[in-house]
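**Student:** Quick one: the structure is below, and I'll ask about it shortly.
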Amino acid sequence: MGEVISGERRLQTAPLVERAARAASGLESLGVGRGDTVALYLRNDLPFFEASYAAGLIGAYPTPVNWHYTEDEARYLFENSGARAIVIHADLLGPVRSAIPSGVPVMVVETPPEIAAAYGIPPERRTIPEGMTDWSRWLEGFPPHTGDASQAPGTIIYTSGTTGRPKGVRRHPPTPEQVALSARILGRTFGFLDYDPETIVTAVVGPMYHSAPNAYGLVAARLGAKVILQARFDAEDLLRLIETERITHIHMVPIMFNRLIKLPDEVKARYDLSSLRVVVHAAAPCPAPTKRAMIEWWGPVITEYYGATETGAVVHCTSEEWLAHPGTVGRPYPEADVRVIDAEGNTLPPREIGEVVARVKAGVDFTYHGDDQKRRDAEKAGLIAPGDIGYFDEDGFLYLCDRAKDMIISGGVNIYPAEIEAELHKMPGVADCGVFGIPDEEYGEAICAVVQPSPGAALTEPEVKAFLRGQMAGYKVPKRVDFHAELPREDSGKIFKRKLREPFWEGAGRRI
């Protein structure tokens, strides 16, 4: 029997489905119907599953909101998505209450003890404000939905907004064949297909407002797996969970690998990790030394996939394939069309660098909510351009060089920050780094590196430059090196390079 676990609370699959059905009736009573959106301003919690399944049951789109948003950012998403109802944790309500559109019903979830402890939330902010609707009591007041269940249209995920306002990826209602295709690809990507769901024990360690943890958690629970919600990622606590719960499957991002590897050796040796079967990662580039270290520690259970919110997973890579082709993100699925093209849309031969475009053949199409023009702009050569630069090798393995928006053009030469970042990660004393272009009167752009030193490390700009000169061509060595105690980073592991670039480009006439 599957269940979702958060702290001391456990909700088995059957009661979860019933509560979702009651919530579906409640949403219908509010006028929410097919094609509408329900905003989820929630951390990873049991009501996230209840509300997501409830919306899908009546053909509506659950729309998770990044709860780190400012009031202005939250207002934009509530309004842009056209939310017909909002479900929100009690402690998150205060900062965005004035951003909620007039007349939109709000159901409030009491913030549970494990989330309060993880984020240091005081008791007075955990409780539901007087006069507000209690989500749990509200849904219990409705009978389970008895009408014909709609085919769930999927979740509207808003892209991260690292270069501007987020865009909501709204999938078209799927056909039964597309539902089956999506289930097959997700099952293979997450490593679920080869296992009886009742033997799968997994942990959701990333925020479910991101597309990958969202799909991963919802699919695992729907299959009937045991799903454990980690209130907030903690490296040693994850090792403890793997041992005590005998976790078999996990979805992670590379920054989590970094934090695990940096644990003291005696801590890493303390836990039994032999239950692990599939550890899948994506969302951000993984430095080769980090990935190799994880495979050496956890064994060949590490798999990787590449895709985007718009395309879904289109490329996959096992540990064995990566060790034979270091740096690759894998080979395309048979169901996917993945190409590398030039500026004219021509497919490039192996080893030629160009823009990566992809699509799942016969997959569900999408638009950007409220902006069909952006959807048309995202299409190149009949496929979708997620914004990555890369190439294929002779064996059909895909390698990513960088994000197209991050490429630096200095004196007419294309420079890929990811290449420089990969070398910087090898330097002793470097905990993290970000490389980007800054204005330069002579060359148009110059290279700037921002380095986050490891605790106790004392690095200097000349030392960083000297290290890189021994690893790569001189024109790739940053002109400027800055040091930050902490880099701005999303929970997905992606660095907010926009926030690093802004001070340099403000007033320079370039979009930042």
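Please treat every number below as a calculation from the coordinates, not as lab data. For clarity, every value in this text was computed on a predicted model and none was experimentally measured. Because the Cβ atoms are built from the backbone with ideal geometry, glycine has one as well, and the counts that use them run over all protein chains shown.
**Student:** Please state, rounded to one decimal and in Å, the Kirkwood hydrodynamic radius that region 297-428 gives when every pair of distinct Cα atoms enters the mean of 1/r.
**Tutor:** Details: mean 1/r = 0.0627 Å⁻¹.
For region 297-428, inverting the mean 1/r across all distinct Cα pairs yields 16.0 Å.
**Student:** Could you size up the charge dipole of region 172-299 around its Cα centre, putting +1 on the beta carbon of Lys and Arg and -1 on that of Asp and Glu, and report it in debye to the nearest 20?
**Tutor:** 260 debye
**Student:** Could you work out, for region 9-117, what percent of all Cα-Cα pairs fall into each 10 Å distance bin, beginning at 0 Å and stopping at the bin that holds the largest distance?
**Tutor:** Using 10 Å bins, I get a P(r) of 15, 49, 31, 5 for region 9-117.
**Student:** Taking the Cα of residue 473, stepping 7 Å toward and past its beta carbon, and measuring to each backbone N in region 398-428: which are under 18 Å?
**Tutor:** The answer is 401-402, 407-424, whose backbone nitrogens lie closer than 18 Å to the label point.
**Student:** Arranged from highest to lowest average of other beta-carbon atoms within 10 Å per residue, in what order do the peptides 90-100, 442-452 appear?
**Tutor:** By packing density, highest mean first, the sequence is 442-452, 90-100.
**Student:** In whole Hz, what ³J(HN,Hα) sequence does region 381-386 give by Karplus (6.51, -1.76, 1.60; θ = phi - 60°), x for Gly and Pro?
**Tutor:** Result, ordered by residue: 6, x, 10, 9, 9, x Hz.
**Student:** Let me ask something else about it. Ratio of Rg to Rh for region 1-47, alpha carbon only, Kirkwood?
**Tutor:** Values: Rg = 12.7 Å, Rh = 12.3 Å.
Answer for region 1-47: 1.03.
**Student:** Right, next: List residues of region 463-504, by number, whose backbone nitrogen lies under 20 Å from a label position 7 Å along Cα→C-beta of residue 442.
**Tutor:** 465-466, 469, 473-482
**Student:** Output the peptides 206-215, 430-439, 50-59 sorted from most to least packed, where packing is the average of other Cβ atoms within 10 Å over each peptide's residues.
**Tutor:** So the order, starting with the most tightly packed, is 50-59, 206-215, 430-439.
**Student:** Calculate the length of the line joining the C-alpha centroid of region 367-416 to that of region 171-207, in whole Å.
**Tutor:** Rounded to whole Å, the Cα centres lie 26 Å apart.
**Student:** Calculate the length of the line joining the C-alpha centroid of region 218-288 to that of region 437-461, in whole Å.
**Tutor:** A separation of 32 Å, based on Cα centres.
**Student:** Looking at region 1-45, which trypsin sites (Lys or Arg not before Pro) are in a loop (DSSP not H, G, I, E or B) and have at most 15 other Cβ atoms within 10 Å?
**Tutor:** On the way: sites: 9, 10, 19, 22, 34, 43; in loops: 34, 43.
Those satisfying the criteria are 34.
**Student:** Can you give me the distance in nm between label points at residue 271 and residue 119, each placed 7 Å from the Cα along the Cα-to-Cβ direction?
**Tutor:** That separation, rounded to one decimal, is 2.3 nm.
**Student:** Given H placed 1.01 Å from N in the peptide plane, which residues other than close sequence neighbours of residue 109 have an amide H under 5 Å from its amide H?
**Tutor:** Here the answer is 88, 89, 90, 135, since their amide H atoms fall under 5 Å of that of residue 109.
**Student:** How many percent of the alpha carbon pairs in the chain exceed a separation of 40 Å?
**Tutor:** For the chain, the share of Cα pairs beyond 40 Å comes to 22 percent.
**Student:** Same structure again: Given labels modelled 7 Å from the Cα in the Cβ direction, how far is it in nm from residue 140 to residue 175?
**Tutor:** It is 4.5 nm.
**Student:** Please report the antiparallel percentage of the DSSP beta bridges confined to region 411-505, to the nearest 5.
**Tutor:** Rounded to the nearest five, the antiparallel share is 75 percent.
**Student:** For the Cα atoms of the chain, what angle does the longest principal axis make with the long axis of helix 288-298, in degrees from 0 to 90, nearest 10?
**Tutor:** That helix lies at roughly 50 degrees to the long axis.
**Student:** Once you have the alpha carbon radius of gyration of region 411-505, what is it after dividing by 2.2 N^0.38 Å, with N set to its residue count?
**Tutor:** 1.04
**Student:** Check residue 208: other-chain or 5+ apart residues with amide H under 5 Å from its amide H, H built from backbone geometry?
**Tutor:** The list, which skips near neighbours in sequence, is 44.
**Student:** Only Lys, Arg, Asp and Glu count, each charged at its Cβ (+1, +1, -1, -1), so figure out the dipole size of region 10-156 about its Cα centre, rounded to 20 debye.
**Tutor:** Details: 11 positive and 17 negative charges, 30 e Å.
Around 140 debye, computed over region 10-156.
**Student:** On to the next question. Could you run the Debye sum over the Cα atoms of region 133-237, one equal point scatterer each and no solvent, and tell me log10 of I(q)/I(0) at q = 0.10, 0.16, 0.20, 0.24 Å⁻¹, two decimals?
**Tutor:** Computed log10 I(q)/I(0) values: -0.41, -1.01, -1.28, -1.30.
**Student:** Each residue of region 47-59 in turn: what ³J(HN,Hα) in whole Hz from Karplus with 6.51, -1.76, 1.60 and θ = phi - 60°, glycine and Pro shown as x?
**Tutor:** Here the 3J(HN,Hα) series is x, 4, 5, 4, 5, 5, 5, 5, 4, x, 4, 10, x Hz.
**Student:** Could you check the simple spin-label distance between residue 245 and residue 323, using points 7 Å along Cα→Cβ, in nm with one decimal?
**Tutor:** Label-label distance for residue 245 and residue 323, simple model: 2.8 nm.
**Student:** Another question, then. Tell me whether region 66-167 comes out rounded, prolate or oblate; compute the Cα gyration tensor, take square roots of the eigenvalues as a ≥ b ≥ c, and use a/c under 1.5 as the rounded threshold. Write out the running numbers ahead of the final one.
**Tutor:** Numbers: a/c = 1.64, a/b = 1.02, b/c = 1.61.
The shape class here is oblate.
**Student:** I would also like to ask the following. Taking the number of other C-beta atoms within 10 Å as the exposure measure, put 415, 156 in order starting with the fewest.
**Tutor:** Numbers: 415 21, 156 25.
Result, fewest neighbours first: 415, 156.
**Student:** Residue by residue, what Karplus-based ³J(HN,Hα) values in Hz, rounded to whole numbers, does region 96-102 have, using 6.51, -1.76 and 1.60 with θ = phi - 60° and x for Gly and Pro?
**Tutor:** Coupling constants for region 96-102: 10, 4, 6, 8, 6, x, 4 Hz.
**Student:** Can you give the Rg and Dmax of region 172-299 based on its C-alpha atoms, in angstrom?
**Tutor:** Answer for region 172-299, Rg first and Dmax second: 15.1, 52 Å.
**Student:** Ranking request for peptides 128-136, 365-373: highest mean number of other beta-carbon atoms within 10 Å first, then the rest in descending order.
**Tutor:** 365-373, 128-136
**Student:** To check you understand DSSP bridge types, tell me what percent of the beta bridges within the chain (both residues inside) are antiparallel, rounded to 5.
**Tutor:** Expressed as a percentage, antiparallel bridges in the chain total about 55.
**Student:** Let me ask something else. Enumerate the amide H contacts of residue 85 below 5 Å, restricted to partners 5 or more residues apart or on another chain; note that Pro and chain-start residues carry no placed amide H.
**Tutor:** 39
**Student:** Determine the dipole magnitude for the chain: charges of +1 sit on the beta-carbon of Lys and Arg, -1 on that of Asp and Glu, nothing else is charged, the reference point is the Cα centre, and the result goes in debye to the nearest 20.
**Tutor:** Working: 55 positive and 69 negative charges, 72 e Å.
Result for the chain is approximately 340 debye, rounded to the nearest 20.
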